[in-house]
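The values are calculated or read from the model by the stated rules, or taken from the named source; none is laboratory data. Since this is a predicted model, take the numbers as computed values, not measurements. Note: ideal-geometry Cβ built from the backbone for every residue, glycine included; neighbour counts use all protein chains shown. Each accessible area value is taken on the protein alone, full model and side chains, heavy atoms only, with ligands, DNA and RNA left out. Shrake-Rupley method; radii C 1.70, N 1.55, O 1.52, S 1.80 Å.
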Amino acid sequence: MKLIHCQWGDLRVPSGYKVISKEPCELSDLERAGVEIYIPKYMGGAKAWSAIANFPNLKVVQLLMAGYEDALPHMRKGVRLCNARGVHDQSTAELGVALMASHFLGIKNYIKNMESGKWDGAQRDSLYKKKVAIVGAGSVGTRIKEMLDVFKVESTFFARSARQGVLAISELEQKISSFDAVVLILPLTNETRHLITLKELANMKPGGLLVNLARGPVVRTDDLLVALKTGKISAALDVTDPEPLPSDHELWRLPNVIISPHVGGNSSAFEPQAREFLEQQLERYVATGELVNEIEF
């Protein structure tokens, strides 16, 4: 019997396969040898990645997240790697739009006013007709645009390569001053690490909002702190560098920052969508040997 290691022991799998959900460190040598497909625990961290080395007959590593950079150092020749592109679109897009709305509609100020019972009915801002740069034209970025269209937002895509309806990231620095918000939703690579530095932040529109839904190191943290302290821009961060963000970090105490603890994909929508994706992926693999979302490394 071939084994699939997954956190969900009741996952529906093809005939000839069995799911095993015990912690990798609790598996017998025979069980480890039988694992052909490993699905690391969602948000399992270094412990989940290091288990890849313990499966001698492993053929496929199927991630439950879109980001895959943390898995790469643990991969070996002959093992196929796939991410979960598409599974987190709804959850991450919802959070991104909610963060933007919280900023522009002044929700943070309303919550603060509740502490003192302050009634401030001054006119608030709106998402209506805002101009938003979406840096990353993948499935999550596309879903964000679909949601923002409802608010009559003018969205512009940026990606590594220009194409129909998408500008090249190399143009962002020149055009960044024209956007009310800049949303980062792209993979962390050598090219995107510290993509946003003080140069880009300083060129943002006064009152502009930086939304990071990608990975913390896409933004140089020290530069972000400098820019935020001027009060010219604000930030909404679902990811930070370092992460988890230490409790004494300056970012926590800046009034023009909203922080969520890397929960973009971790909503109630995640598990049902992840299970559906895994079951379809496994059926495809067993029937044809093909895999979607395969990563070349």
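Which one of these is open to solvent by less than 30 Å² (accessible area, probe 1.4 Å) and either within 21 Å of LEU224 (Cβ to Cβ) or modelled with pLDDT of 95 or more (or both): VAL150, VAL183?
Going through VAL150, VAL183 in turn, just one is open to solvent by less than 30 Å² (accessible area, probe 1.4 Å) and either within 21 Å of LEU224 (Cβ to Cβ) or modelled with pLDDT of 95 or more (or both): VAL183.
Take ALA66 and tell me if it is in a loop (DSSP other than H, G, I, E, B) and surrounded by 14 or more Cβ atoms within 10 Å (Cβ to Cβ).
yes
Please go through (1) over 25 Å from the mean Cα position of the chain (by Cα); (2) surrounded by fewer than 17 Cβ atoms within 10 Å (Cβ to Cβ); (3) outside any helix (DSSP H, G or I) for ILE4 and return the number of the only condition it doesn't satisfy.
The number of the failed condition is (2).
Would you check which residues across the stretch 166-180 are touching a residue at least 12 places away in the same chain (Cβ under 8 Å) and open to solvent by less than 60 Å² (accessible area, probe 1.4 Å) and list them?
Scanning the stretch 166-180 gives VAL166, ILE169, GLU171, LEU172, ILE176, SER178, PHE179, ASP180.
Take the residues in the stretch 243-297 that are touching a Pro at 6+ places or on another chain (Cβ under 9 Å) and farther than 24 Å from ALA84 by Cα; name whichever of them is surrounded by the fewest Cβ atoms within 10 Å (Cβ to Cβ).
So, considering only residues that are touching a Pro at 6+ places or on another chain (Cβ under 9 Å) and farther than 24 Å from ALA84 by Cα, the one surrounded by the fewest Cβ atoms within 10 Å (Cβ to Cβ) is TRP252.
Applying the selection to the stretch 153-165, what residues are of a type outside the set (A, V, I, L, M, F, W, C) and open to solvent by less than 70 Å² (accessible area, probe 1.4 Å)?
SER155, THR156, SER161, GLY165
State which residue is farthest from the chain's Cα centre (by Cα) when the search covers only the stretch 69-87 and only residues that are within 19 Å of PRO217 (Cβ to Cβ) and crowded, with 19+ Cβ neighbours inside 10 Å.
ALA71
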